[in-house]
Amino acid sequence: GTDEVDIVARLGGDEFALLLPGKDVADAQRFAYAMQHALELPMTLQGHVVDVRGSIGIAVFPEHGTEGSTLLRRADIAMYAAKRDNCGAAVWDQGEDKQSSDRLSLLSDLRKAVDNDELTLAYQPKVALRGGGGELYAEALVRWRHPTRGLVAPIEFIPFAEQTGYIRAITQWVLAHAIAQCAEWRFDGLPMNVSINLSARDLMDATLPDRFAALLQRHRCAAQWIALEITESAVLDDPAHAIRNLERLHALGCRLAIDDYGTGYSSLAYLRRLPVHELKIDKSFVIGMAADASDALIVRSTIDLAHNMGLSVVAEGVEDDATLDRLRAMGCDMVQGYLLSRPLGVAETAVWMRGSVWTRPVSEIPTLRRVV
Ligand code: C2E
Ligand code: CA
Ligand code: CA
């Protein structure tokens, strides 16, 4: 009707609010459905086709609250539920409140984690089975020392930081520290190469290559000492932006690796079109391969295909000798896992790298292995 006014407001970042006067839950759901549908149509921005998606949370007066602030908060909670369940739109429900207050408090804590200096990096060694050329390798893995919860695993806050956009601050912190550390090790005479994990959101950030280049320069770190690990699903989230960023990072001279390979749906042929150097076979296949013939087959054929495409292969999650022996027989280039070493602190990493039998020529390893 002519007396109805719909109000659209931008709450900040990529969040918008819509006020639908006089509508009930069913109306709002229909409206959300229509909006999802409209968003699915490809949009053209300055000549680029972009994919836009959204998650919608619904809260209704007076069932879900009588105050504007309560309704907004509950719509926000429902929106996170929609995002989490990947269902497009969700209506607020009571049960979400407890969970979400936990999450909100973790989020407000996370916002302070960088400023309060609560993040640290652990480094997990990677060992070359073939032709490491005296170089040493480790992957930087972030850790959060929460003041009251203790150590929080990345799996508990990285996906969450991704959803809220705070991942940008975390990634910037991780890049700065890992790059500075790599340069310091080099300065101390350790020929270290450090791998750093990037998330899907990082790959869409057009400022990432410049920020990365600036950090390399500031810390006098060579680009070829750094490898960036990305998952195939991160690339597939938004291929156009991801590929543009990957090409710029590649042009800077760093190495690029596909992480968790085998858990997504992409074919090697598709991945080969990306400027990647390395494939990391997901640990779920590696952990099982000594006991499970089909896991072993997947690992073997991935290694063969990757080699045919000129990619180097890393197996992560190597936990026992039998697995290591099979990987070596299959021609796997590098291994990483608890058998070789857990993620270590900075000082421990240097000690491990200087003293480990694993970093000596392969021929010495079988007899010395038990010494570790
Ligand atoms: P990922 O990149 O696949 O890292 C490997 C994970 O497997 C690490 O867990 C590592 O500690 C664990 N792991 C290593 N060897 C073994 C093994 O032999 N057996 C088993 N069962 N596990 C092993 P972590 O450190 O908890 O990291 C989990 C995930 O969190 C990482 O998976 C990565 O996706 C993410 N992550 C960690 N640090 C960062 C970061 O700085 N930035 C981003 N964006 N993500 C990160
Ligand atoms: Ca990784
Ligand atoms: Ca992985």
Strands (runs of 3 or more DSSP E) (entirely within the stretch 190-265) containing at least 1 residues that are more than 16 Å from ligand 2 (Cβ to nearest atom) and closer than 18 Å to LYS126 by Cα: 192-197
Scan of the stretch 303-328 for residues that are aliphatic (A, V, I, L, M), away from ligand 2 (no atom under 16 Å from the Cβ) and within 17 Å of ALA293 (Cα to Cα), ordered by number: ILE303, ALA322, LEU324, LEU327
Residues being part of a helix (DSSP H, G or I) and either on the phi > 0 side of the Ramachandran plot or of a type in the set (A, V, I, L, M, F, W, C) (or both) - total across the stretch 160-182: 13
Some residue of the stretch 80-97 being touching a Gly at 6+ places or on another chain (Cβ under 8 Å), acidic (Asp, Glu), surrounded by 13 or more Cβ atoms within 10 Å (Cβ to Cβ) and not in a loop (DSSP other than H, G, I, E, B): no
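Matching residues to (1) buried (at least 16 other Cβ atoms within 10 Å of the Cβ); (2) within 16 Å of ligand 3 (Cβ to nearest atom); (3) free of Cβ contacts under 8 Å to residues at least 40 places away in the same chain:
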| position | (1), (2), (3) |
| --- | --- |
| LEU110 | yes, no, no |
| ASN116 | no, no, yes |
| PRO125 | yes, yes, no |
| ARG130 | no, no, no |
| GLY134 | no, no, no |
| GLU139 | yes, yes, no |
Long-range neighbours under 7 Å by Cβ, at least six apart or interchain, first residue touching a residue at least 24 places away in the same chain (Cβ under 8 Å) within the stretch 186-198, second among the small types (Gly, Ala, Ser) and away from ligand 1 (no atom under 11 Å from the Cβ): LEU190/ALA350; PRO191/GLY134; MET192/ALA138; ASN193/ALA227; VAL194/ALA138; SER195/ALA227
Every residue from the stretch 278-328 that is in contact (Cβ under 8 Å) with a residue 40 or more places away in the chain and more than 16 Å from ligand 3 (Cβ to nearest atom): MET309, ASP321, ARG328
Check on ARG186, among the basic types (Lys, Arg) and either closer than 30 Å to GLY134 by Cα or within 16 Å of ligand 3 (Cβ to nearest atom) (or both): yes
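Rule-based calculations on the coordinates, nothing more; no lab input. The model shown is predicted, which means the values in this text are computed figures rather than measured ones. Cβ coordinates were reconstructed from backbone atoms using ideal geometry, including for glycine residues, and neighbour counts include every protein chain displayed.
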